[in-house]
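The values are calculated or read from the model by the stated rules, or taken from the named source; none is laboratory data. No experiment lies behind these values; they were computed from the predicted model shown. Cβ sites come from the backbone with ideal geometry, for glycine too, and all protein chains shown count toward neighbours.
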């Protein structure tokens with residue numbers, strides 16, 4: 001199938017692109033390289049541009065006879081969204097509107113959308129199901145809710161979409177060839193890797209008085225390769241004329257901040273110092289998924305546990321402390 005992957009030079013996008021290529025799909029990546037890197041897409045064609053550029057996207061869809069789109073392109077930092085909400089609504093919502101208009105103009109009717117568990121905010125009950133109330137506590141989560149609410153209105157144009165509400169991505173390629181760039185990462189696992197490598201003094205533990213067993217926040221960590229698999233299966237679902245769906249993509253269990261740090265100490269053999277600091281605004285105490293619907297609809301099952309996520313992340317980061325190197329975005333021109 002001929003596919004366009006927006007944001008395909010990013011962390012989760014690039015692992016998905018690699019898996020799509022393995023499955024024999026004809027993939028084109030669109031990425032502005034603000035956070036992505038051209039090295040991670042390999043031989044897959046890369047177009048350097050913005051998803052908000054509607055004429056560019058429309059021409060790509062038509063010229064390359066694209067049959068489906070996987071949409072990753074977005075800003076994703078909860079903390080940054082609180083300080084610059086306008087940028088998040090502009091990129092995440094405005095960019096998606098431009099994409100949807102381009103899809104309609106080009107007659108492309110299949111979309112896999114990268115959503116987030118941030119749509120739930122602080123849930124009343126755990127695990128969260130797809131029917132749990134949507135109460136985002138930060139602009140990032142709100143942008144995902146707004147896009148999810150827009151998608152059904154495009155069904156009248158023939159669009160079928162699968163929204164994947166995935167939980168906390170972690171890990172790297174098993175062979176250590178690709179992973180998250182430490183310079184841009186704010187999530188716990190890469191921060192822990194920085195401390196293990198001596199690139200930061202200590203891991204800040206934001207909040208130790210949560211109503212959890214050890215007082216620290218609990219999250220559902222899911223391996224990036226399992227996330228990539230979910231996107232491929234969502235595409236297969238749409239290809240087989242499956243209906244639109246919204247699905248949780250998580251392991252179904254959670255680990256606390258202290259448990260993640262302890263696992264990293266065990267796996268890496270490094271001391272990994274930590275320091276306790278105040279809670280961050282917008283952080284729920286605990287979050288993990290009920291993933292039964294994804295299992296039923298997609299036949300998806302997570303394969304990797306926390307230690308395997310840490311092991312693959314350590315293999316990548318220890319071998320690539322500078323990530324993929326500086327992105328030559330300013331040298332690449334409009335397309336390659």
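Descriptive notes on the structure:
- Region 122-151, subset part of a loop (DSSP other than H, G, I, E, B) and in contact (Cβ under 8 Å) with a residue 60 or more places away in the chain, residue surrounded by the most Cβ atoms within 10 Å (Cβ to Cβ): 138
- Residue selected from region 152-169 under the condition in contact with a helix residue (DSSP H, G or I) (Cβ under 8 Å, 6 or more places away or on another chain) and assigned to a helix (DSSP H, G or I), by the criterion surrounded by the most Cβ atoms within 10 Å (Cβ to Cβ): 154
- Pairs where the first residue, in region 297-314, is on the phi > 0 side of the Ramachandran plot and in a loop (DSSP other than H, G, I, E, B) and the second is surrounded by 15 or more Cβ atoms within 10 Å (Cβ to Cβ) and modelled with pLDDT of 95 or more, C-beta under 7 Å, 6+ apart: 299/233
- Those helices (runs of 4 or more DSSP H) of region 1-86 in which at least 1 residues are modelled with pLDDT of 95 or more and touching a helix residue (DSSP H, G or I) at 6+ places or on another chain (Cβ under 7 Å), considering only elements entirely within it, cover 11-22, 54-63.
- Any chance residue 281 is farther than 16 Å from residue 189 by Cα and part of a loop (DSSP other than H, G, I, E, B): yes
- Considering residues of region 315-330 that are loosely packed, with under 13 Cβ neighbours inside 10 Å and part of a loop (DSSP other than H, G, I, E, B) only, the residue modelled with the highest pLDDT: 322
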